[in-house]
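These notes are about the structure you will find just below.
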Amino acid sequence: MRGSGRLRLLLVLLVLTAFTLTALDYRSAGGGSPFDAVRRGSDTLFGPAQRAVGGVVNSVGSALGGLPRLGGYKDDNAKLRAENDRLVAQLHETDGLRRQLDESQTLLRLKDTGTYTIVPARVTAVGSSLGFEWTATIDVGSKAGITVNKTVVNGKGLVGRVKRVGPYSSVVVLVVDPDFSVGMRLLRSGQLGIATGRGLGPLGYQLLGQNSRAAVGDPVYTSGSMTFEPGVPVGRVSSTNADPNALTPTGSLQPYVDVTSLDLVGVIVRPATGTPRVPIPPTVAPVPSQTAGPSATPSPGAPLATATPTATPAP
Amino acid sequence: MTGRRFLLGAATVLTALLLQTTVLSRLPLPGAAPDLLLVLVVAYALAEGPLSGMTTGFIAGVLADSLADHALGRLALVYAVVGYLTGMIEDDSDRSTFLPFLAVGLGALGGVLVFAAEGVLLGDPRITLSALGRSLISSVPYAVVLTPFVVPAVGALVRRVDPELIRR
């Protein structure tokens, strides 16, 4: 095949084929693509291979240190409890008793982080596609009970959501991916908003209420939706946009999770069954870190005890 | 195209894809990850010409697409075009030491631009001006850095497996 005419013809054919594939696949994005079988085949083929190679890479990476562990939940819980203490104390000083109640319930629900049923997984591969995508492949799939749109967390907070599931591996869209957005709630004020990935670095956020206001350093949690579990830490507000013409307040927030050094993550396969109505002990209860299977969920009927010794009831 | 040459192509593409997803993409480097597949496609194009470049590129692209989170065929188009164009560079110039670097650099540059253009056509929210800039300033140098490891190796492998395919 020396003739450049025939070469050009082949190029045109390949380009048209690629276009056709893209068009067919793009039209049916979100399920029912004619190429689902192709993807499943690739996942089945590459999943175990990536696990083998990725496992080695992970061990080397872990030996080098600095990788977050799922056990970091303990620290998180302690921090949350301190935050909780302080907030509950503040709440008693303000009026608006109804809101106080709602708020502490929201806060208490943060405790649920430990009562989610989590399937642990390792990140075996990362997708970049010329630097435009931030996805990770994890080594659990439908055989481990993973389904699409499950929330993925690690010890620090929200990692992403499951986008595609193969038999032995799944693809997770990470928080920083521009295709990723999540309903969020400001911990201090309870205001709602939407956080969206903007590529590596801080996420952008938009508050929903016109009069909402965020302060730098405000912790942000998922608000809970059809896709995301509520109460998963997302990050901290890193800057606010002071544009008076903006319809609603916007700004950026720094995610807790460093997506460049992901290793152990957990997929929330079953949400918490309810707000835990048990006394919160002064010491941190053990959190399921590496073991799969249902964790001990406190019985929802147990009495709600005062969470904080520092909080003094206001008259 | 012999059976052995086909096996060589399959083995190198699969190995590159595996290394790409498990190792290169996870390196804590700023910007886009080094794209080993693209360098491999250019290496085949330089060793054997545009026909080899675009077919290798198309197949490698479809495989990469099937693992990634975008519509199938996008990287296939990018790699096929890059393979064809870098295969054409060789035809009317003498072989020099810098040619592979130039070809890979231009290939990476063109690849990112074609991928971004496709994304704009499809309304992909991931394609923004800042993402494009970040990808360009990192992809091109990383690809050039990979060149001395990949291009001579592919040339040597092709020469061993099927010397008749080497042009010049």
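Read-outs throughout are calculated quantities, based only on the coordinates presented, and are distinct from any laboratory measurement. This is a predicted model, so every value here is computed, not measured. Cβ coordinates were reconstructed from backbone atoms using ideal geometry, including for glycine residues, and neighbour counts include every protein chain displayed.
Footprinting exposure proxy ranking of A:Y256, B:Y79, fewest other C-beta atoms within 10 angstrom first, gives A:Y256, B:Y79. Based only on Cα atoms, what Rg/Rh ratio does segment B:3-165 have, Rh being taken as Kirkwood's radius? Across segment B:3-165, the Cα-based Rg/Rh ratio is 0.95.
Charge dipole of segment B:3-165 (Cα centre as origin; +1 on each Lys and Arg Cβ, -1 on each Asp and Glu Cβ, all else neutral): 420 debye, rounded to the nearest 20.
For the residues B:V13, B:V62, B:V104, a GNM of chain B with alpha-carbon springs under 10 Å puts the largest fluctuation on B:V62. Taking 7 Å steps out from each Cα toward its Cβ at B:A117 and B:F6 produces label points 3.3 nm apart. Computed from the Cβ-Cβ distance with R0 of 25 Å, the FRET efficiency linking A:S225 to A:A78 stands at 0.35. Taking Cβ atoms as reference points and 15 Å as the exclusive limit, the residues near B:L67 contribute a net charge of -1, counting Lys and Arg as +1 and Asp and Glu as -1. In the elastic network of chain B, a GNM with C-alpha springs shorter than 10 Å, the most mobile of B:V154, B:V144, B:V120 is B:V120.
Between A:L13 and A:V148, the simple spin-label model (points 7 angstrom out along Cα→Cβ) gives 3.4 nm.
Between the amide H of A:T124 and those of A:T137, A:I138, A:D139, distances stay under 5 Å, these residues lying 5 or more places away or on another chain, with hydrogens modeled in the peptide plane. Extension gain for the segment B:E164 to B:F101, taken as residue separation times 0.36 nm less the Cα-Cα distance, is 20.3 nm to one decimal. Among B:D124, B:D69, B:D35, determine the one that fluctuates most according to a GNM of chain B built with springs between C-alpha atoms less than 10 Å apart. Maximum fluctuation in the GNM of chain B, among the listed residues, is at B:D69. Exposure proxy ranking for A:D36, A:D139, based on other Cβ atoms within 10 angstrom of each Cβ and starting from the fewest, stands as A:D36, A:D139.
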